[in-house]
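Novice: Here it is, the structure, as structure tokens.
The values are calculated or read from the model by the stated rules, or taken from the named source; none is laboratory data. Please read all numbers here as calculations on a predicted model, not as lab measurements. As a convention, Cβ positions derive from the backbone with ideal geometry for all residues, glycine included, and neighbour counts pool all protein chains shown.
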Amino acid sequence: MVKISESYDLDKVEWRRVTDPDEKEYKIDFEFSLLGYDIETGRLDMLLRYAKGRGHCRRHRHVASTMTMVLEGEQHLHEMQPDGTSKYIFRKQGDYALANPDALPHTESGGDDGGTVLLSMFAPDVILVVYYDETHGRYPLSSTWKLGRKAEYTEPSQALSPPMPHSSQTIQIEQAERQQYGTIMQQL
């Protein structure tokens, strides 16, 4: 197991920000920080921080089983149900949740003052998350977060900030170049 951070001190971890000004339905604005991982067992621990003003992460579903704990602020989820309806889930500081593998597609955001969550994911098949398009989770994009020996992330260029030169690109991060992030997939 590789430990990236000795602490989850929100002022000491390295944050990586993700935005998408082209998204018109909601404000994609969040940061993440990897805490540790174990490729052999398929485990990844990370922090996710939503920007103030209800910053969202992209529409997605967790393929990995996922533990969530709200460390500060709020977490708001809109989960697409199999019948096409949406289920609203609200979590506040101190709330804890467990999600089975193959969770339903959803959007999630912080509250007006943002929010920070601890995520611990277990993905024996290495796929952590799959992103979805604006049809509210009915048609998956060819995008995934994967945990593996060669880190990779693929996603269409219009959903990335800054845009990538190719419609789908694999990013491989060599451990020697990015020791802090090891071989975990990175969204750049």
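Novice: Among the residues of the stretch 40-59, write down those that are under 21 Å from residue 23 (Cα atoms), among the hydrophobic types (A, V, I, L, M, F, W, C) and modelled with pLDDT under 95.
Specialist: Scanning the stretch 40-59 gives a single hit, 57.
Novice: Test residue 143 against the criterion of being crowded, with 17+ Cβ neighbours inside 10 Å, modelled with pLDDT of 95 or more and among the hydroxyl-bearing types (Ser, Thr, Tyr), and give yes or no.
Specialist: Criteria not met by residue 143.
Novice: If we keep just the residues of the stretch 60-98 that are outside any strand (DSSP E or B) and under 16 Å from the mean Cα position of the chain (by Cα), which is modelled with the lowest pLDDT?
Specialist: Going through the qualifying residues, I end up with 63.
Novice: Output the qualifying pairs, or none if there are none: Cβ atoms under 6 angstrom, residues six or more apart or on different chains, first residue in the stretch 1-26 and small (Gly, Ala, Ser), second residue modelled with pLDDT of 85 or more and assigned to a strand (DSSP E or B).
Specialist: Going by the 6 Å Cβ cut-off, the qualifying pairs are 5/35.
Novice: How many of the residues making up the stretch 15-25 are in a loop (DSSP other than H, G, I, E, B) and at pLDDT 90 or above?
Specialist: 1
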